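The values are calculated or read from the model by the stated rules, or taken from the named source; none is laboratory data. Since we're looking at a predicted model, the values are computed, not measured. With ideal geometry, Cβ positions are generated from the backbone for all residues, glycine too; neighbour counts draw on all protein chains shown. All accessible areas refer to the heavy atoms of the entire protein, side chains included, with ligands and DNA or RNA removed. Shrake-Rupley method; radii C 1.70, N 1.55, O 1.52, S 1.80 Å.
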Amino acid sequence: MSNQSILRITRELSEIQRGSDLSLAVACRDIDVRHVRALIIGPPDTPYEFGYFEFSVKFTREYPTKAPAVTAITTNSGRTRFNPNIYAGGRVCLSILGTWRGERGEEWSSAQGLESILISIQSLMSQNPYENEPGFEDAKSDYDKKNQEAYVAKIRHETLRISVIERLEDYLGIDRGKVPGVTVYNAEEDYQSNAAEAPFEPFKDLCKRRFLWYYESYMISINKEAKKHKDGDRFEKMPFEGPGNIMEGTFDYSSLKKRLQTIYDKLTEEALSWATEGCTAVQKEMSIASNLQRQFEQIVENYKKNDAITLDLELVDKNPFVWQLVLFGRPMTNLDGGVFRILIYLSPKFPDVLPRIKFETPIFHHRVSPNGILCYDATRKEDLRSHVEAIIEAIEEESPAYDPRTLVNPEAAKLFWGTPEDKKIYNRKLRRSVQDSTDF
């Protein structure tokens, strides 16, 4: 592979990783930038909402003259076709990739890149993916409308079951028993069998943190869909689905709800366990313990000199792996008079595993879930000062840009981004929670 090609790939990876798009993530092993893993988080208000869809991307020596080869990995071991253009065997049909005939001007050019490929794939994850099948773009008969609803329904169920729940169960070692079925092509196993090292799971921590962000949305979706589809009802077969390239199964929202709750509990336990692991790291005088202690002391000194923000920061039980941040509401804002206690849980694997943030003080806020999980994104992942700054900014920012990927509190977000009257209701609820914070 030419040096120019490698430099181009490296630059593109860096740009995506540093970018502000919370729905895309990419990673590769240091020894081989030609083999990239990409994660697309399903768009809101679609049946793919907040699902985790993984792809392998293989670049050849001819890149960027020639498009890379892209294979879908999230396929339920080759049993599930999530979209007319994303096959169960992993094939992704896009004119930009040269895997589907397109109109003139839609083919690949060296001006395009990895991000444009991922955005093109993400665009397939629409509100009505039934229309993605060639010949069905303008299907509007009663028969087609019924099929469209049935197709959306089963994609939503399998997005939750396969892309979210089973992925997190695997990450957390939750046993769900052996799934019966025939042996089929598994894109994930194929990728791993060609890898020289241990299994490559670059998105494990990201998906865990996002699960906590979107837990309330998952639950709302399950409760809503459970009223429409009885457990045991079979999925409808679409006219364009065939043997080995289909989405088969039955609805079972009761089970999904229990499994979702189990995952949430396990993630809570995991964060709490870091405190115990941290104590051991301190006793063994491990470098990570010294690093966190040093960063803590530097941040405390920095905020002593900052009159614009009033906060207290201390270690819980003198443990550098659990910080307590007490934030005092800034005067002349909606947070004025509030006192908010926030816990910051740090993993012994930091910065590869990023902090988990939990509001101990209840607050009605569009960036804080009903369970107290804060949605924030630090610019410098390895710098805890950047995390503290991002936490404060997420809470204090009064006119943020709209980003549906940050809507972790559906009720608060609907009011915050709604009509002027909705915004007034939001402000009243926020102010009420601020006033109550002093009694907590």
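For K349, state whether it is of a type in the set (D, E, K, R) and assigned to a loop (DSSP other than H, G, I, E, B). Spelling it out, K349 is indeed of a type in the set (D, E, K, R) and assigned to a loop (DSSP other than H, G, I, E, B). Just to verify a result, which residue in segment 104-118, among those that are open to solvent by 20 Å² or more (accessible area, probe 1.4 Å), in contact (Cβ under 8 Å) with a residue 40 or more places away in the chain and not small (G, A, S), is farthest from T65 (Cα to Cα)? Step by step, filter segment 104-118, then rank; the result is E115. Residues that are touching a residue at least 40 places away in the same chain (Cβ under 8 Å), farther than 23 Å from N302 by Cα, open to solvent by 40 Å² or more (accessible area, probe 1.4 Å) and part of a loop (DSSP other than H, G, I, E, B) occur at least once in segment 415-433.
Summed over segment 285-308, residues that are closer than 17 Å to F328 by Cα and polar (S, T, N, Q) total 2. Taking the condition more than 21 Å from the chain's Cα centre (by Cα), basic (K, R) and either at pLDDT 95 or above or more than 20 Å from S56 (Cβ to Cβ) (or both), does R156 pass? Here the answer is no, as R156 does not meet what is asked. Scanning segment 36-90 for residues that are out of contact with any Gly (no Cβ under 9 Å at 6 or more places or on another chain), among the charged types (D, E, K, R) and touching a residue at least 60 places away in the same chain (Cβ under 8 Å) yields R37, D45, E54, R61. Residues in segment 127-165 that are under 20 Å from G78 (Cβ atoms) and without any contact (Cβ under 8 Å) to a residue 24 or more places away in the chain: there are none.
Condition check ((1) open to solvent by 60 Å² or more (accessible area, probe 1.4 Å); (2) in contact with a Ser or Thr (Cβ under 9 Å, 6 or more places away or on another chain); (3) modelled with pLDDT of 95 or more) across all residues:
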residue	(1), (2), (3)
T250	no, no, yes
R259	no, no, yes
D265	yes, no, yes
E270	no, yes, yes
T276	yes, no, yes
Q295	no, no, yes
L313	no, no, yes
Q324	no, no, yes
G329	no, yes, no
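Of all residues in segment 358-387, those satisfying the criterion of being touching a strand residue (DSSP E or B) at 6+ places or on another chain (Cβ under 7 Å), surrounded by 15 or more Cβ atoms within 10 Å (Cβ to Cβ) and not aromatic (F, W, Y) are K358, T361, I363, R367, V368, G372, I373, L374. If you go through segment 124-182 and pick out every residue that is surrounded by 16 or more Cβ atoms within 10 Å (Cβ to Cβ) and outside any helix (DSSP H, G or I), you end up with 5.
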